[in-house]
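**Q** Take this structure, written in structure tokens, and hold onto it; I'll ask about it next.
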Amino acid sequence: DQQVKQNSPSLSVQEGRISILNCDYTNSMFDYFLWYKKYPAEGPTFLISISSIKDKNEDGRFTVFLNKSAKHLSLHIVPSQPGDSAVYFCAASGGSNYQLIWGAGTKLIIKP
Amino acid sequence: NAGVMQNPRHLVRRRGQEARLRCSPMKGHSHVYWYRQLPEEGLKFMVYLQKENIIDESGMPKERFSAEFPKEGPSILRIQQVVRGDSAAYFCASSPASRQAEFFGPGTRLTVL
């Protein structure tokens, strides 16, 4: 029972363009959402988070949007840079879950 | 302010031996999480511990695997009688409280010969 889903295993984007990574969730009790970035052979790095009381949070080139009615969140990276090539995980918490619930990840490839 | 520390970074064991992986959380963090990443797969949650207590071990294999987080010292993930299928990257994360951002260590890469 996957409560957090990232339906795109990979995404390829031209350098300088916008990258949009998507994440869907099923548990309406989730109230805190996070995005992580992971390079090969390294641990995931926390990028940005959003609480359910907001619908948008911005940090530099990274913006997370939350649509509670659709149970959907997205991460926008503008402009995309070669160093953004990595696997991106979304995670959520809330309800009866003490720990974060993770998606399977989306591999982002930025083409020069 | 040191981040999450894991040691060893690389560990090689022969089948049947024991593997001990250590994790020191960030200063001020009392919640520790262990994850496993098998080759070509995503992160899989294993266990969540708070000082001296196991909160959730729903992702731990039923046999050979155990975890602890004593009052003093690092958290330990112990794998007894390792098999080749245990070869993976094991990541530890910590947070100051539950349901908050987790900060990850660099991982321990276990290779079972």
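The values are calculated or read from the model by the stated rules, or taken from the named source; none is laboratory data. Just so you know, these numbers come straight off a predicted model, no measurement behind them. So basically every Cβ, Gly included, is an ideal-geometry build from the backbone, and we count neighbours across all protein chains shown.
**Q** All but one of (1) in contact with a Gly (Cβ under 8 Å, 6 or more places away or on another chain); (2) exposed (fewer than 15 other Cβ atoms within 10 Å of the Cβ); (3) among the charged types (D, E, K, R) hold for A:Lys38, so report the exception by its number.
**A** The single condition A:Lys38 does not satisfy is (2).
**Q** If you don't mind, another one. I'd like the residue in the stretch B:66-90 that is of a type in the set (Val, Ile, Thr) and surrounded by 13 or more Cβ atoms within 10 Å (Cβ to Cβ) and, out of all such residues, is nearest to B:Leu49 (Cα to Cα).
**A** First, the residues of the stretch B:66-90 that are of a type in the set (Val, Ile, Thr): B:76, B:79, B:82-83.
Pick out the ones that are also surrounded by 13 or more Cβ atoms within 10 Å (Cβ to Cβ) and you get B:76, B:79, B:82.
Working: B:Ile76: 10, B:Ile79: 17, B:Val82: 22 Å.
Only one residue fits best here, namely B:Ile76.
**Q** Something else about it: When you go through B:Phe91, B:Phe65, B:Phe45 one by one, which is the residue that is at pLDDT 95 or above and within 9 Å of another protein chain (Cβ to nearest Cβ)? It would help to see each step written out before you state the result.
**A** On the way: B:Phe65 fails: within 9 Å of another protein chain (Cβ to nearest Cβ); B:Phe45 fails: at pLDDT 95 or above.
Just a single option satisfies the conditions, and that option is B:Phe91.
**Q** Tell me the residue from A:Glu58, A:Glu15 that is loosely packed, with under 13 Cβ neighbours inside 10 Å and modelled with pLDDT of 95 or more, please. Step through it out loud before you land on a result.
**A** Working: A:Glu15 fails: loosely packed, with under 13 Cβ neighbours inside 10 Å.
Result: A:Glu58 is the single residue among A:Glu58, A:Glu15 that is loosely packed, with under 13 Cβ neighbours inside 10 Å and modelled with pLDDT of 95 or more.
**Q** Something else now. Condition first: crowded, with 20+ Cβ neighbours inside 10 Å, closer than 24 Å to A:Gly103 by Cβ and without any contact (Cβ under 8 Å) to a residue 40 or more places away in the chain. Can you find one or more residues in the stretch B:94-111 that meet it?
**A** The answer is no; no qualifying residue exists.
**Q** Moving to a separate point now. In the stretch B:93-108, is there at least one residue being within 19 Å of B:Gln17 (Cβ to Cβ) and out of contact with any helix residue (DSSP H, G or I) (no Cβ under 9 Å at 6 or more places or on another chain)? Lay out the reasoning, then the answer.
**A** So in the stretch B:93-108, the residues within 19 Å of B:Gln17 (Cβ to Cβ) come out as B:108.
Narrowing the set further to residues that are out of contact with any helix residue (DSSP H, G or I) (no Cβ under 9 Å at 6 or more places or on another chain) leaves B:108.
The answer is yes; a qualifying residue exists.
**Q** Hey, another quick one. Given the criteria without any contact (Cβ under 8 Å) to a residue 12 or more places away in the chain and not β-branched (Val, Ile, Thr), does A:Gly16 qualify? Spell out how you get there, then give the answer.
**A** Working: without any contact (Cβ under 8 Å) to a residue 12 or more places away in the chain: no; not β-branched (Val, Ile, Thr): yes.
It is false that A:Gly16 is without any contact (Cβ under 8 Å) to a residue 12 or more places away in the chain and not β-branched (Val, Ile, Thr).
**Q** Separate question: Can you find, within the stretch B:25-49, the residue that is surrounded by the fewest Cβ atoms within 10 Å (Cβ to Cβ) among those that are more than 13 Å from the chain's Cα centre (by Cα) and more than 17 Å from B:Glu68 (Cα to Cα)?
**A** Applying the first criterion (more than 13 Å from the chain's Cα centre (by Cα)) to the stretch B:25-49 yields B:26-30, B:38-42.
Narrowing the set further to residues that are more than 17 Å from B:Glu68 (Cα to Cα) leaves B:27-28, B:38-42.
Details: B:Lys27: 10, B:Gly28: 8, B:Leu38: 13, B:Pro39: 7, B:Glu40: 5, B:Glu41: 11, B:Gly42: 17.
Looking at residues that are more than 13 Å from the chain's Cα centre (by Cα) and more than 17 Å from B:Glu68 (Cα to Cα), I get B:Glu40.
**Q** Just the residues that are more than 14 Å from chain B (Cβ to nearest Cβ), closer than 25 Å to A:Phe30 by Cα and of a type outside the set (S, T, N, Q), please, taken from the stretch A:63-112.
**A** A:Phe65, A:Leu66, A:Lys68, A:Ala70, A:Lys71, A:His72, A:Leu73, A:Leu75, A:His76, A:Ile77 - these are the residues of the stretch A:63-112 that are more than 14 Å from chain B (Cβ to nearest Cβ), closer than 25 Å to A:Phe30 by Cα and of a type outside the set (S, T, N, Q).
**Q** A further question follows. Can you confirm whether A:Phe46 is among the aromatic types (Phe, Trp, Tyr) and either within 14 Å of another protein chain (Cβ to nearest Cβ) or assigned to a loop (DSSP other than H, G, I, E, B) (or both)? Break it down stepwise before answering.
**A** Details: among the aromatic types (Phe, Trp, Tyr): yes; either within 14 Å of another protein chain (Cβ to nearest Cβ) or assigned to a loop (DSSP other than H, G, I, E, B) (or both): yes.
Judged against the criteria, A:Phe46 is a match.
**Q** For the stretch A:88-99, does any single residue satisfy the condition of being modelled with pLDDT of 95 or more and not hydrophobic (A, V, I, L, M, F, W, C)?
**A** Looking for residues that are modelled with pLDDT of 95 or more and not hydrophobic (A, V, I, L, M, F, W, C), one finds at least one in the stretch A:88-99, hence yes.
**Q** Now a separate question. Right, A:Asn27: modelled with pLDDT under 95 and either on the phi > 0 side of the Ramachandran plot or more than 12 Å from every other protein chain (Cβ to nearest Cβ) (or both) or not? Break it down stepwise before answering.
**A** Working: modelled with pLDDT under 95: yes; either on the phi > 0 side of the Ramachandran plot or more than 12 Å from every other protein chain (Cβ to nearest Cβ) (or both): yes.
Answer is yes for this residue.
**Q** Of the residues that make up the stretch B:6-24, is at least one surrounded by fewer than 13 Cβ atoms within 10 Å (Cβ to Cβ) and modelled with pLDDT under 95?
**A** No, every residue in the stretch B:6-24 fails to be surrounded by fewer than 13 Cβ atoms within 10 Å (Cβ to Cβ) and modelled with pLDDT under 95.
**Q** Related question: Taking the residues in the stretch B:1-23 that are farther than 14 Å from B:Gly73 by Cα and among the aliphatic types (A, V, I, L, M) as candidates, determine which candidate is farthest from the other protein chains (Cβ to nearest Cβ).
**A** B:Ala19
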